[in-house]
1. What is the number of the single condition among (1) under 27 Å from Trp201 (Cβ atoms); (2) touching a residue at least 40 places away in the same chain (Cβ under 8 Å); (3) assigned to a helix (DSSP H, G or I); (4) open to solvent by less than 10 Å² (accessible area, probe 1.4 Å) that Met90 does not meet?
2. Regarding the stretch 102-124, can at least one residue be identified that is outside any helix (DSSP H, G or I), out of contact with any strand residue (DSSP E or B) (no Cβ under 8 Å at 6 or more places or on another chain), at pLDDT 95 or above and open to solvent by 30 Å² or more (accessible area, probe 1.4 Å)?
3. When the residues of the stretch 46-69 are narrowed to those that are within 14 Å of the chain's Cα centre (by Cα) and part of a loop (DSSP other than H, G, I, E, B), which ends up surrounded by the fewest Cβ atoms within 10 Å (Cβ to Cβ)?
4. Picking from Ser46, Ser16, which residue would you name as being polar (S, T, N, Q) and within 24 Å of Ile101 (Cβ to Cβ)?
5. Working only within the stretch 164-177, note down all residues that are open to solvent by 30 Å² or more (accessible area, probe 1.4 Å) and part of a loop (DSSP other than H, G, I, E, B).
6. Go through the stretch 29-45 and give me each residue that's buried (at least 20 other Cβ atoms within 10 Å of the Cβ) and either β-branched (Val, Ile, Thr) or not in a strand (DSSP E or B) (or both).
7. Considering Ala129, Ala152, Ala180, Ala140, which residue is assigned to a helix (DSSP H, G or I) and not basic (Lys, Arg)?
8. Here is a list: Pro15, Pro10. Which entry is surrounded by fewer than 15 Cβ atoms within 10 Å (Cβ to Cβ) and touching an Asp or Glu at 6+ places or on another chain (Cβ under 7 Å)?
Amino acid sequence: MRVILPAFDPATWGPSLDAAVHSVSRGEAIVLPTDTVYGVGADAFSPDAVGRLLAAKGRDRQMPPPVLIPSVRTVDGLARDVSTAARALMDAFWPGPLTVILHAQPSLAWDLGETQGTVALRVPNHEAALALLARTGPLAVTSANLTGRAAATSAEEAREQLGSAVSVYLDAGDSPLGVASTIVDATGPALRVLRDGGVSWDRLVEVVGIDAFESAEDAE
């Protein structure tokens, strides 16, 4: 199909979401809007689909994609040993521009790449994305751009980079934030910020306190 379909208005986006859901069910990659930047996504539980996603972006298995989920209630089905501090951050900033890396449930039948037993989860704060996720379930999603190029903040920018590697592009206008999510690693005894993004350091500390984070001495 390789077309851009409108996803601006819940009253009219039904056919567009139908096309995206159908593409996901066939193991194809799609582009979807989020609150941060546009993402290229595929069925998280289909290794072939994840492989197509990584190939579309020009990325190898050493850089596995995060997983977008429809709500915080999905977390315990995908992750284990979730700390109190991690839950506090998720409760405070989801839906929103925060990605949290957790230990994956070992029983999950998926292959996201070389994850070392972890999974990066996020609930996007975008109405169209959440409506899509409610129908597809968890999607492996990474920024909609070729590796090494700027993340797309519109569906047209995404199509210029990804072209025919993606079957459906959902267009909801320019990305509200235009910056990537903050990434916090919650797999260790203390939290670590791996990437600055849509949630500032000060806001993270307001929620869990500075003692929840790894100190410079701990990192050595």
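1. (2)
2. Scanning the stretch 102-124 turns up no residue that is outside any helix (DSSP H, G or I), out of contact with any strand residue (DSSP E or B) (no Cβ under 8 Å at 6 or more places or on another chain), at pLDDT 95 or above and open to solvent by 30 Å² or more (accessible area, probe 1.4 Å).
3. Met63
4. Ser46
5. Asp174, Pro176, Leu177 - these are the residues of the stretch 164-177 that are open to solvent by 30 Å² or more (accessible area, probe 1.4 Å) and part of a loop (DSSP other than H, G, I, E, B).
6. Ala29, Ile30, Val31, Pro33, Thr34, Asp35, Thr36, Val37, Tyr38, Val40, Ala44
7. Exactly one residue qualifies, and that residue is Ala129.
8. Among Pro15, Pro10, only Pro10 is surrounded by fewer than 15 Cβ atoms within 10 Å (Cβ to Cβ) and touching an Asp or Glu at 6+ places or on another chain (Cβ under 7 Å).
The values are calculated or read from the model by the stated rules, or taken from the named source; none is laboratory data. Nothing here was measured: the structure is a model prediction, and the numbers come from that model. Here Cβ is always computed from backbone atoms with ideal geometry, including for glycine, and neighbour counts include all displayed protein chains. Quick note on the areas: whole protein, heavy atoms, side chains included, nothing else; ligands and nucleic acids left out. Shrake-Rupley method; radii C 1.70, N 1.55, O 1.52, S 1.80 Å.
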